[in-house]
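See structure below.
The values are calculated or read from the model by the stated rules, or taken from the named source; none is laboratory data. Keep in mind that what you see is a predicted model, and the values were worked out from it rather than measured. The protein model used for the area step is the full one, side chains on, heavy atoms only, and it has no ligands, DNA or RNA in it. Shrake-Rupley method; radii C 1.70, N 1.55, O 1.52, S 1.80 Å.
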Amino acid sequence: MGKLRRLRVSAAVQARRRQLCIVIPPPNVTGSLHMGHALNNTLQDILVRFERMRGRDVLWQPGTDHAVSIATQMVVERQLNERQEPDRREMGREAFVERVWQWKEGSGGTIINQLKRLGASCDWSRERLPWTKGCRRPSSRSSSNCTKRA
């Protein structure tokens, strides 16, 4: 059977090894997992662990898509309005993004926390939102290309 290798959660690129990357966009940061989500993520986790056991460098990266960003933005904006606080335009981009991260850490990470409790072997250090540095331009370009094609 050969030597047992320690399974690595984060993918370390090595030139001669085959690589695999799966990006999972959680359905909605404002919601919670249901059985369909759990099944989908379980199947992905099985595939990822199997390929790691075969010696491949595998990255299973958690991420979110633009629909999640819009839903999150709406939740935070509604919260600001209910508390009669300055809206996103009045507070500015930097302050608003900080406020969204605070909300996400407090109550918006339900699905991510559920996936962690299920034992999903994602590289959690690589979790991103579309408006964060490094994702903003590719996300905008992708949205723009989809709009042009429609």
>> With a 1.4 Å probe and all protein chains kept in place, how do 74, 35, 91 rank by accessible area, largest first?
In response: 35, 74, 91
> Would you list 107, 121 from the most to the least accessible area, probe 1.4 Å?
Replying inline: 107, 121
>> Using 0.36 nm times the number of residues separating residue 84 and residue 20, minus their current alpha carbon distance, what extension gain do you get?
In response: 18.3 nm
>> Whole-Hz ³J(HN,Hα) for each residue in the range 84-99, computed from phi via Karplus 6.51 cos²θ - 1.76 cosθ + 1.60 with θ = phi - 60°, x for glycine and proline: what do you get?
In response: 6, 9, x, 6, 4, 5, 5, 7, x, 4, 4, 5, 5, 4, 4, 5
